[in-house]
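Inspection log for the structure reproduced underneath, given as structure tokens.
The values are calculated or read from the model by the stated rules, or taken from the named source; none is laboratory data. Note that the coordinates shown come from a computational prediction; the quantities given were computed from them, not determined experimentally. Virtual Cβ from ideal backbone geometry, glycine too; neighbours counted across all protein chains shown.
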């Protein structure tokens with residue numbers, strides 16, 4: 001299904017390089033100042049375009065943010081599709097899911113900061129986009145568990161939704177540790193100075209308990 005677009009056709013016609021510059025500046029502004037405190041005028045100035053041009057690309061500030069969110073959804077779909085192999089061992093795929101989640105968070109901390117800003121505060125008008133973004137991860141986890149059960153690898157007594165919720169909660173905590181100082185300190189409190197790879201290995205021990213084999 002094609003992701004809904006919130007930018008105009010005019011934005012589509014400018015160069016990819018210019019599109020990326022505008023969106024990257026907007027991401028940095030939203031991450032640093034929060035959505036409510038960011039101003040389209042300042043984003044336009046930093047991007048080297050006029051105020052009017054900015055609004056010809058994005059009718060509202062909401063549309064600018066929604067464009068960023070939906071492009072992030074498309075990006076995550078592509079990354080996870082390339083990473084998760086349906087022929088691999090389910091636990092190896094879940095490990096890949098955690099590893100890629102951490103990689104995305106480390107390489108895009110500003111996007112994670114925006115996500116936390118709109119998901120944990122007052123932006124109910126972005127609820128459809130928030131749900132769609134969360135749904136992508138949940139669908140991957142559910143499908144992996146369902147495949148494991150169908151293949152006879154996992155116990156059929158596993159509750160798919162509850163197990164997916166537990167694994168998604170771990171993933172969310174890992175994402176939060178990339179941008180929140182509180183969560184960074186919390187991760188150190190639990191894991192010390194271990195690398196992300198070592199942390200994922202330890203988490204997988206718990207995952208194997210959550211998902212008993214047949």
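Residues in segment 3-22 that are under 22 Å from residue 76 (Cα atoms), out of contact with any helix residue (DSSP H, G or I) (no Cβ under 6 Å at 6 or more places or on another chain) and touching a residue at least 40 places away in the same chain (Cβ under 8 Å): 4, 5. Taking residue 142, is it free of Cβ contacts under 8 Å to residues at least 24 places away in the same chain, under 20 Å from the mean Cα position of the chain (by Cα), part of a helix (DSSP H, G or I) and not assigned by TED's automatic domain parsing to the domain that holds residue 27? In short, yes. When segment 1-23 is limited to residues that are modelled with pLDDT of 90 or more and loosely packed, with under 14 Cβ neighbours inside 10 Å, the one that is nearest to the chain's Cα centre (by Cα) turns out to be 20.
The number of residues in segment 183-214 that are closer than 16 Å to residue 166 by Cβ and part of a helix (DSSP H, G or I) comes to 10. Selection within segment 163-176: residues that are without any contact (Cβ under 8 Å) to a residue 40 or more places away in the chain, under 19 Å from residue 108 (Cβ atoms) and touching a helix residue (DSSP H, G or I) at 6+ places or on another chain (Cβ under 8 Å). The member of this set that is surrounded by the fewest Cβ atoms within 10 Å (Cβ to Cβ) is 173.
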